[in-house]
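Please read the structure below before turning to the comments.
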Amino acid sequence: MPDRRQAFENLNARTNLPGNPGRREHVAADRPVRHAAGAVAARARGRIREARITRAEEKAARLPAMMTVPMILFILPTLFIVLMGPAAIGIIDTFSGKAKQQDVTVVEHSNSGDTDAGPESEM
C-alpha cells in the first residue's frame with residue numbers, strides 16, 4: 001500500500017484538469033503541514049503521557065494512607081491472636097488451678113523368668 005505522500009503525488013498526476021487550479025498547491029502544502037502536525041501530535045502525546053505518569057504517582061503516594069485502616073481492622077487482630085493466643089491459654093490454665101496431669105503408665109510383668117524387657121529393648 002503506498003504511503004500518503006505517494007498517494008498525493010499520484011492524485012496530482014491523475015487530475016491534471018484545468019478546472020482544479022488549487023490541487024498542486026494543496027499537494028505541495030500538504031507535506032509541511034503533515035510534518036508540523038506530526039510534531040504537534042508528538043508533543044501532545046508527551047503531555048498526555050506525563051499527565052498519566054503524574055496521576056499514577058499521586059495514586060501511589062496515597063496508597064499507604066488508604067492501606068492503614070484495612071491493616072488495623074484485619075491484619076493486626078489476626079497477628080495478635082496467632083502470637084498471643086498460646087500465651088493467653090497458658091496463663092488461663094495457670095491461674096485456673098488446673099495442674100498439668102502427667103500420664104503415668106505402670107507395666108506389670110507376671111513372668112519373672114522372662115528376660116524380655118518390654119518395648120524399650122526393641123529400640
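Here are a few things to note about the model shown:
- Within region 86-103, the residues that satisfy the criterion of being modelled with pLDDT of 60 or more and aliphatic (A, V, I, L, M) are 87, 88, 89, 91, 92.
- When residue 31 is tested against (1) at pLDDT 65 or above; (2) assigned to a helix (DSSP H, G or I), just one condition goes unmet, and that condition is (1).
- Any chance residue 113 is surrounded by 10 or more Cβ atoms within 10 Å (Cβ to Cβ) and at pLDDT 55 or above: no
- Qualifying residue in region 14-28 (condition: open to solvent by less than 100 Å² (accessible area, probe 1.4 Å), touching a Ser or Thr at 6+ places or on another chain (Cβ under 7 Å), part of a helix (DSSP H, G or I) and modelled with pLDDT under 90): yes
The values are calculated or read from the model by the stated rules, or taken from the named source; none is laboratory data. The structure displayed is predicted, hence computed values, not measured ones. Neighbour counts are summed over all protein chains in view; Cβ atoms, including those assigned to glycine, are modelled from backbone coordinates with ideal geometry. Remember, those area values only see protein heavy atoms, side chains included, never the ligands or the DNA or RNA. Shrake-Rupley method; radii C 1.70, N 1.55, O 1.52, S 1.80 Å.
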